[in-house]
Amino acid sequence: MAEAPILRREWHWQFDLPPEKIWPVLADTARFNEAANAPTYQLEEIAQPDGTVLRKGAARVAGMAMAWEEKPYEWVLNKSFRQVREFSQGPFKRFGPILRIEPEGSGSKVTYAFEAQPATLLGRLTGDSLMRKAGAIIERLAKEAVGFLKGQSDEMFDFAAPTPPQGARERVDAAVATLEQGPYAHGLARRLGNLVLNGLEMDVGRLRPIALARRWNVPVRHAIELCLAAVRAGLLGMRWDLLCTSCRGAKLSVGTLDQLPTGAHCASCNIDYERNFARNVELVFFPNAAIRPINAGGYCLSGPMTTPHVLAQQILKPGETRLLDMALPSGPYRVRALTGVEALDFEHDGGAFPDVVATSDGFALQPGTASGSVNFINRRDKETVLLLESRAWVAEALTAHQATMLQAFRDLFAQATLRPGDEAGVDRVTLMFSDLKGSTELYERRGDAAAYNLVRGHFAYLGSIVRDHNGAVVKTIGDAVMAAFGDPADAVRAAIDIQRRIGEFNAQHRAEGGAAEAIVVKLGIHRGACIVVNLNERLDYFGSTVNLAARLQGQSQGADLVLSTDIAEDPQVAQLLNELPQREESAVLRGFAREIPFRRVMLESAV
């Protein structure tokens, strides 16, 4: 019997937004599928002898059992995507969507299509009808998504939320009330409760607080603190995902840091990869199962927005050349295959983009010939899925390094530690050390009890300023404070605030019946690589970066700020210091063989 012909249904829409604006929502196939009430599914990923991976899926659709091989999506950023599933069970032999976006004036012309090849009589009889119904749903959702982009609605889709378990709404109300009584709700508790109950599973099943902050247009720290506190309140749970360094998907998840292995295997990419706290260990959140159970599997496991750092993904036959219409700016890029460890990192300096060549030995670049295009060339003797990607890391990932540097995390989850003896490296952390000038004399003059109360009060005062600038107090050592920051500019802002506002603390202390004398704070800041370890049931930092930051604080004379050269020359820090009196100095510091240069910044402090 001859094969059934391929059926095709096509739709055309015009939107008054440019392609780069509508691509992120129209290419978000997982959210479209969930909003269309498609079933979730899982993939069995089977490594092949040639290093590729066979992906097999199965699901029940409209009561019919279906099984298929999931072919990789092909896409070009802001331009197009297409995908084909090849079925071994069900009414179709092949089925897949096609999207194409073209600029039209200041807006876009969108073409959406389904292609299907029936495998059974049922497929022949119902294929066209099923595509028409599915297309009508996609059209409605596309218009809703673009309306959301234009600010016409608060949510991307008019989505019917699932019926919550019995008692879920009451649990949400109780959790919201608890959150609102604490310092971390920031007026967002009810909004989070509504999202957990009514939001798309794609938005709450793997809740990323940085993405949430951008969506709600609120400070990132507020969204993170809200989610952390919501775990303690029983609204959310949290887990640590170990992201693949290639596809950046979460291939291993654990509930606590002490369960986190030093590496994992990604079945999708067929590679092993290692743990890096500052790069690929991400803290994510999910609803308490008693409030909102999350389905297993996903709604689309291989669409363009599952790997948004991939700018183009194409399946090339042996010897095939394919010219892609895409203009790319100068910057860092990587070319790789969908599976395997081989990759080529390079910098594009502008002009014609280099031709990307897959060879039997790996990848190579050739001079490009056409501006505004990218040429993929497969010189291998096998089919290759070729990817061009941005090397920028996941912008919306709350890494373990970032999370553990927040005061709220350390306040709420002091027990979240590594295994005894385990350690993790972080590429770059900014550390601030403080101490009190003349603290020994202070204890002699005031007596131990009075001096201790004053020192303890100053700890709370400094800790509040550190938290306001996105840092965390790691520990106190005698009269000194050690604090950590992700951004050196945040650390310097905090230090400037401490020196300029310490007069407020002294005035408040005198008003409360304290002695007339004032405390004077010494501060030093440095950044660099550190080792994170579990010490005394808390996360702590060790290494030469810590030692130098402490020694720089020792050079402070009080009412000033001592910065390492690396900190002072950071562009954002340089702007902060631009109007402040400062001078270059150097000294031989204990534990360091050579003379260390540093920058002293003079700050007025009303003590």
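The values are calculated or read from the model by the stated rules, or taken from the named source; none is laboratory data. Everything quoted here is computed from the prediction, not taken from an experiment. Every residue, glycine as well, gets a Cβ built from its backbone with ideal geometry; the counts of neighbours run over all protein chains shown.
Please find, among Pro49, Pro72, the residue that is in contact (Cβ under 8 Å) with a residue 24 or more places away in the chain and assigned to a loop (DSSP other than H, G, I, E, B). Even if it seems obvious, please write down each step before you answer.
Working: Pro49 fails: in contact (Cβ under 8 Å) with a residue 24 or more places away in the chain.
After ruling out the rest, the residue left standing is Pro72.
Taking Pro19 as the residue in question, decide whether it is more than 24 Å from Lys109 (Cβ to Cβ) and in the same structural domain as Thr120 (by TED's automatic domain parsing). In short, no. Of the strands (runs of 3 or more DSSP E) entirely within the stretch 389-490, those holding at least 2 residues that are at pLDDT below 85 and over 19 Å from Gly524 (Cα atoms) occupy 423-436. When restricted to residues that are outside any loop (DSSP other than H, G, I, E, B) and either of a type in the set (A, V, I, L, M, F, W, C) or touching a His at 6+ places or on another chain (Cβ under 9 Å) (or both), the stretch 245-254 contains 4.
Scanning the stretch 274-283 turns up no residue that is in contact with an Asp or Glu (Cβ under 8 Å, 6 or more places away or on another chain), part of a helix (DSSP H, G or I) and charged (D, E, K, R). Sub-6 Å Cβ pairs linking a first residue in the stretch 288-312 that is closer than 23 Å to Arg85 by Cα to a second residue that is outside any loop (DSSP other than H, G, I, E, B) and of a type in the set (S, T, N, Q), at least 6 apart or interchain, are Gly297/Gln42; Tyr299/Asn33; Cys300/Thr29; Cys300/Asn33; Gly303/Thr29, ordered by first then second residue. Against the numbered list (1) at pLDDT 90 or above; (2) in contact with an Asp or Glu (Cβ under 6 Å, 6 or more places away or on another chain), Val533 comes up short only at (1).
Mind listing just one residue for me: the one in the stretch 274-325 that is of a type in the set (S, T, N, Q) and either within 22 Å of the chain's Cα centre (by Cα) or buried (at least 17 other Cβ atoms within 10 Å of the Cβ) (or both) and, of those, farthest from Ile377 (Cα to Cα)?
We begin by selecting, within the stretch 274-325, every residue of a type in the set (S, T, N, Q); these are 276, 280, 288, 295, 302, 306-307, 313-314, 321.
Subsequent filtering for residues that are either within 22 Å of the chain's Cα centre (by Cα) or buried (at least 17 other Cβ atoms within 10 Å of the Cβ) (or both) retains 276, 280, 288, 302, 306-307, 313-314.
Numbers: Asn276: 33, Asn280: 31, Asn288: 48, Ser302: 23, Thr306: 25, Thr307: 22, Gln313: 13, Gln314: 11 Å.
Within the stretch 274-325, the match that is farthest from Ile377 (Cα to Cα) is Asn288.
Taking the conditions (1) in contact (Cβ under 8 Å) with a residue 12 or more places away in the chain; (2) in a loop (DSSP other than H, G, I, E, B); (3) among the hydroxyl-bearing types (Ser, Thr, Tyr) in turn, Thr163 satisfies each one other than (1).
Restricting the stretch 255-273 to residues that are hydroxyl-bearing (Ser, Thr, Tyr) and assigned to a loop (DSSP other than H, G, I, E, B), the residue that is surrounded by the most Cβ atoms within 10 Å (Cβ to Cβ) is Ser268.
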